[in-house]
1. Which residues, taken from the stretch B:14-41, are more than 7 Å from every other protein chain (Cβ to nearest Cβ), over 60 Å from the mean Cα position of the chain (by Cα) and in a helix (DSSP H, G or I)?
2. Name the single residue that is modelled with the highest pLDDT among those in the stretch A:68-121 being in contact with a Leu (Cβ under 6 Å, 6 or more places away or on another chain) and among the acidic types (Asp, Glu).
3. Say we look at the stretch B:30-48 and pick out the residues that are of a type in the set (A, V, I, L, M, F, W, C) and surrounded by 10 or more Cβ atoms within 10 Å (Cβ to Cβ); which of these is farthest from residue A:118 (Cα to Cα)?
4. Can you pull out every residue in the stretch A:2-27 that is closer than 21 Å to residue A:64 by Cβ and at pLDDT below 90?
5. Can you tell me which residues in the stretch A:94-119 are facing another protein chain (nearest Cβ under 8 Å) and either in contact (Cβ under 8 Å) with a residue 24 or more places away in the chain or over 18 Å from residue B:13 (Cβ atoms) (or both)?
6. Scan the stretch A:40-65 and report the pairs whose first residue is acidic (Asp, Glu) and whose second residue is surrounded by 15 or more Cβ atoms within 10 Å (Cβ to Cβ), with Cβ atoms within less than 8 Å and a gap of 6+ or a chain change.
7. Out of all the residues in the stretch B:18-29, which are closer than 26 Å to residue A:3 by Cβ, exposed (fewer than 15 other Cβ atoms within 10 Å of the Cβ) and not small (Gly, Ala, Ser)?
Amino acid sequence: MSFDEFVHEHQQALVRYATLLCGGQGDAEDLVQEVLIRVYPRWEALEGSRYAYVRRAVTNEFLSWRRRWSTRHIFATAELPEGRVEFDWAEPDQRLAHELRKLPRQQRAAVVLRYYEDLTDPEIAAVLGCREGTVRGHISRGLAALRSVLGSDERVWRGHE
Amino acid sequence: MSDEEDELRRLLAARADRVHSNLSGPAIRARASARSPLRRFAPVLTAAAVLAVVVVSLVLLQRGGGEPVPQVPPAAPVTTSPTVVVSPTTAVETTTKHSTESTTSPANTTRTTTVTTIETTTTKTH
């Protein structure tokens, strides 16, 4: 498969995956494009599943890129709002995206890889470069943090009621 | 699998379905070709620069550390001679004076006693 065919076929899935990681589509497109630019010079030398390779590269870039991004892009506002800003998170998936953004990067990546990409614990551990026990811990803590969005009380999850 | 996990899968899929991107292979290839080769090797160049700085620093440290440290001349010895010499002399002088005075008075007393005894003896003989 040529590079153009790969981009045409998988760019939508890669940008969607990156959007769940980053929280915004613009950042996700920048992230995926940066990875593809780096991968292109050695495209012919890649072996195995190229989608898995690029997805792993996107994940690694996200894990290091967020740190650089937070220090590189500081946006100034003309004036501060007087009152408290309230967001209208009408749709449940938007509220989920908002809560997902609060998770630490590794936790967020583990949750998205498990529940969006449907990877197993060993596969997630290979992508993140950590042990399977660490992956299970990330997913457990990530789920605990997202329970308020998922419609059930956290106390019910923990078996107190 | 629990209901919450199913719910999470559904919400993540719904969130992802809102995204529609239009990245194209030719545009990415064009950007990759336009990117400066210096930027591609920037991490290697940075690592080499850091290594060079470390090596130069080590060499300079080794050269600077080989020179002998200038010896500071020893300070002049602090003597306590005024105290040692002066105080015993004073003590001896004081003692000498005191003993001279004390021995004179018993000597005089002895002489007086002897004279008196001789006078008594001559009276008995006559």
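The values are calculated or read from the model by the stated rules, or taken from the named source; none is laboratory data. All values reported here derive from a predicted model rather than from experimental measurement. Cβ placement follows ideal geometry from the backbone for every residue including glycine, while neighbour counts extend to all protein chains displayed.
1. The initial filter retains those residues of the stretch B:14-41 that are more than 7 Å from every other protein chain (Cβ to nearest Cβ), namely B:17-18, B:20, B:22, B:27, B:30, B:33-34, B:36-41.
If we keep only those that are over 60 Å from the mean Cα position of the chain (by Cα) as well, we get B:17-18, B:20, B:22, B:27, B:30, B:33.
The answer is B:17, B:27, B:30, B:33.
2. Out of the qualifying residues, it is A:99.
3. Here is the first cut: in the stretch B:30-48, the ones of a type in the set (A, V, I, L, M, F, W, C) are B:30, B:32, B:34, B:38, B:41-42, B:44-45, B:47-48.
Subset that is surrounded by 10 or more Cβ atoms within 10 Å (Cβ to Cβ): B:30, B:32, B:41-42, B:45, B:47-48.
Working: B:30: 33, B:32: 31, B:41: 36, B:42: 36, B:45: 39, B:47: 38, B:48: 41 Å.
Here the answer is B:48.
4. Once the filter is applied, which keeps residues that are closer than 21 Å to residue A:64 by Cβ and at pLDDT below 90, the stretch A:2-27 yields A:22, A:23, A:24, A:25, A:26, A:27.
5. Hits for the stretch A:94-119 are A:96, A:97, A:111, A:112, A:116.
6. From residues that are acidic (Asp, Glu), the pairs are A:61/A:31; A:61/A:34; A:61/A:35.
7. Passing the criteria: B:20, B:22, B:26.
For (1) basic (Lys, Arg); (2) more than 9 Å from chain B (Cβ to nearest Cβ); (3) touching a Ser or Thr at 6+ places or on another chain (Cβ under 9 Å), each residue gets a yes or a no:
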{"site": "A:7", "(1), (2), (3)": "no, no, yes"}
{"site": "A:17", "(1), (2), (3)": "no, no, yes"}
{"site": "A:22", "(1), (2), (3)": "no, yes, no"}
{"site": "A:32", "(1), (2), (3)": "no, no, yes"}
{"site": "A:35", "(1), (2), (3)": "no, yes, no"}
{"site": "A:42", "(1), (2), (3)": "yes, yes, no"}
{"site": "A:47", "(1), (2), (3)": "no, yes, no"}
